[in-house]
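See structure below.
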């Protein structure tokens, strides 16, 4: 799937040669390359709320079928993802078993690859949308977290790019039954300026998001 570019190049962690360390290397490279051009890096981090429990088990086999996986594999996952039950333990109290008709088990052996498959068409759509809108943004994704990176001499231009990118990803995720956790959205700036650096806030309230205070790095 990776060799056929079905897993988007944005997606890291839990995949061969795409670890969290690779994400750190990619981010460092983008920041350093921007500094060479005297650009300031503006990064917007976002998180998908209740990601693993929210994956649509009916949609996931359709994505796998699109890849062209063998029918036996599709049949296995159709059975694997349905008819499941779980229960919760809270201190000494154990809840009764109840049906779980959505989501994949967080921490299971298959959770990372299944989540990567689920997100892949979203990131392909995101890339196409940003190209059409002519928004120059770099993106890094690690499972249910994502990072938009804007390189610009003017932070106001970067904030505009981040605002529209956030709007696009929020809309795309909603179509797949997923929601951005606005409370975990944050912004960071990376600058080599030796002067006092006070970047403006990024107001996402029009998108039902927070007003982000600047954090300098």
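Here are the numbers for this structure:
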| quantity | calculated |
| --- | --- |
| Lone unmet requirement of (1) part of a loop (DSSP other than H, G, I, E, B); (2) touching a strand residue (DSSP E or B) at 6+ places or on another chain (Cβ under 6 Å) for residue 82 | (2) |
| Selected residue (only one of 187, 140, 169 is in a strand (DSSP E or B), surrounded by 21 or more Cβ atoms within 10 Å (Cβ to Cβ) and under 13 Å from the mean Cα position of the chain (by Cα)) | 140 |
| Failed item in (1) farther than 24 Å from residue 175 by Cα; (2) at pLDDT below 80, with residue 91 passing the rest | (2) |
| Residue tally, condition surrounded by 12 or more Cβ atoms within 10 Å (Cβ to Cβ) and either in contact with a helix residue (DSSP H, G or I) (Cβ under 6 Å, 6 or more places away or on another chain) or modelled with pLDDT of 80 or more (or both), over segment 70-88 | 5 |
| Number of positions in segment 170-179 that are touching a strand residue (DSSP E or B) at 6+ places or on another chain (Cβ under 7 Å) and modelled with pLDDT of 90 or more | 2 |
| Residue that is out of contact with any helix residue (DSSP H, G or I) (no Cβ under 7 Å at 6 or more places or on another chain), at pLDDT below 90 and part of a helix (DSSP H, G or I), where the choices are 193, 156 | 156 |
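The values are calculated or read from the model by the stated rules, or taken from the named source; none is laboratory data. In this text the structure is predicted, and so the values were computed from the model without any measurement. All Cβ positions, even for glycine, are placed from backbone atoms using ideal geometry, and neighbour counts span all protein chains on display.
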